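All remarks here apply to the structure that follows.
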Amino acid sequence: MSKAQSTSLTGLIIFSTDKSGSASGGQIFNTRGGRGDDFYNVWVQQNGKFINGLDEGNVPINISLDIPGVYTFKMYGEPTFEFGYFGLNLFFNGNNTKPGISVFAPINTLPASPITSFSVNSNANTLPLAGLAESAVPGAGTLCFVDKSTMVTLTSYKWSSSNVENIDLVSPFSAHPSGSNDFTGEFTLTVTKIR
């Protein structure tokens, strides 16, 4: 008898957008890593610890979401310039070409601000995990990903400019300080069983 496959978050990409959620191509951060990926990495923490390694070879993520509960993740990226809006596409169960959840929001510029408002992204021009190396893909158009009896719902998202937290933890391709303050972000997933 084979073991039931786990519901897992296997990739995420953050990308600059216009005010409708369409990818602008200006800035891209992803968890793809490895050869052939020239985009800056996004480094992900849970409970204060990096979960996707410290170097380019350990950037991919595979986070099990089988246990019901609330999961909050912090994100860090090396900035190049500020941009008005940033999208977030989440990929599940190894399908890194079609996002399961897609949102976008204005960049947060205020220290100690609450989670900014965000919008579901159903724009036809968003990005797969590989970024611009592949064709644009439509946003998921939903905050919920359903996998058999597991429902994953995104309940918060923000991406903040480098002057908000004034923290330097990462470089473009390693989780080591670069000498410049990082973009910082956060998102929360709520996992429930639906049958």
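The values are calculated or read from the model by the stated rules, or taken from the named source; none is laboratory data. It should be emphasised that the depicted structure is a prediction, and the values quoted were computed from it without experimental measurement. Because the Cβ atoms are built from the backbone with ideal geometry, glycine has one as well, and the counts that use them run over all protein chains shown. These area figures cover heavy atoms from the full protein model, side chains too; ligands, DNA and RNA do not enter into them. Shrake-Rupley method; radii C 1.70, N 1.55, O 1.52, S 1.80 Å.
Assorted remarks:
- Exactly one residue out of V164, V137, V152 is in contact (Cβ under 8 Å) with a residue 12 or more places away in the chain and over 17 Å from the mean Cα position of the chain (by Cα): that is V164.
- Checking each residue in segment 101-129 for being hydrophobic (A, V, I, L, M, F, W, C), at pLDDT 90 or above and open to solvent by 70 Å² or more (accessible area, probe 1.4 Å) picks out only A124.
- Yes/no for I67 being more than 14 Å from the chain's Cα centre (by Cα), open to solvent by 20 Å² or more (accessible area, probe 1.4 Å) and under 18 Å from T188 (Cα atoms): yes
- Only a single item in (1) open to solvent by 60 Å² or more (accessible area, probe 1.4 Å); (2) modelled with pLDDT of 95 or more is not met by Q46, and it is number (1).
- Yes/no for P79 being open to solvent by less than 10 Å² (accessible area, probe 1.4 Å) and either in a loop (DSSP other than H, G, I, E, B) or without any contact (Cβ under 8 Å) to a residue 40 or more places away in the chain (or both): no
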